[in-house]
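Here is the structure we will look at, set down as structure tokens.
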Amino acid sequence: WFTRYYLDSRKWEGPYPPWFLDWLVIESRATLLRSWQPTLVPGLLQTPEYARAVISSWRRDNGDDIEGKVRARISRQAILDGSNAPDLRVLLDESVLTRRIGSPETMVGQIDHLAMMGTRPNITIQVVPEAAGAYAGLSGAFSVATVPGESEVAYLDTAVQGMTVRDPALVARTALMFDDLRDEAFPRPGSLRLISEAVERWESLTAPAGASRATAAPTAETA
């Protein structure tokens, strides 16, 4: 019975997997969200087209409700609007800007969306350059949430599923890793320049044959 219960608990009965529901509540109540993403744009900043390309790749989990999962992911972004919007601080590995997810047009829309969202006063996006080489954060994505009057909570991503972590020692280590990664990142202005340059590069891939290409962007080290 316990084995069957465990296996059933891992099945998606709605737009969110069961192991994500705890974090969904925490995320909606947080006043500060810190997110590290070494491979993908975080869900709170994804466009519908980008989200659809990511979710469509989950062949064993999707069933037939890809569009429902896309709508659910985009609906989470409502917390970023309004007077009670949390401070969102995002760190991205530079490869997130260059990895093709979907079509080049999808990437233009997604990276341009990052550039726009990064100008909001409550959102900070910083990029860790490829020149940083190997570092601990490459092992996986994570987030840390601050909810007033409560202990901080972390969310750890894995290739199989994510997990909400409340153990104070593990949460403190996760928050410290975020700070260490931020030390490796470009400042906010330089990161936004790098994101804008990435938009231009993706736009050049969508130009019709024979059309003029965008001027080559400076290297990451000049951002």
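The values are calculated or read from the model by the stated rules, or taken from the named source; none is laboratory data. If you're wondering where the values come from, they're calculated on a predicted model, not measured in any experiment. Note: ideal-geometry Cβ built from the backbone for every residue, glycine included; neighbour counts use all protein chains shown. What goes into the accessible areas is simple: the full protein's heavy atoms, side chains included, and nothing from ligands, DNA or RNA. Shrake-Rupley method; radii C 1.70, N 1.55, O 1.52, S 1.80 Å.
Quick check, is E67 more than 26 Å from L21 (Cα to Cα) and acidic (D, E)?
On the way: more than 26 Å from L21 (Cα to Cα): no; acidic (D, E): yes.
So E67 fails the test.
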Within the bounds of the range 3-15, is there any residue that is closer than 22 Å to G102 by Cα, at pLDDT below 90 and open to solvent by less than 70 Å² (accessible area, probe 1.4 Å)?
-> yes
Matching residues in the range 40-59 (surrounded by fewer than 22 Cβ atoms within 10 Å (Cβ to Cβ), assigned to a loop (DSSP other than H, G, I, E, B) and either of a type in the set (A, V, I, L, M, F, W, C) or at pLDDT below 95 (or both)) number 4
So G149 clears everything in (1) out of contact with any helix residue (DSSP H, G or I) (no Cβ under 7 Å at 6 or more places or on another chain); (2) small (G, A, S); (3) surrounded by 16 or more Cβ atoms within 10 Å (Cβ to Cβ) except one condition, right? Which one?
-> (3)
When you scan the range 16-56, how many residues do you find that are under 28 Å from S151 (Cβ atoms) and either over 11 Å from the mean Cα position of the chain (by Cα) or charged (D, E, K, R) (or both)?
-> 19
Can you name the residue in the range 145-158 that is aliphatic (A, V, I, L, M) and within 15 Å of the chain's Cα centre (by Cα) and is also nearest to I26 (Cα to Cα) among such residues?
-> A145
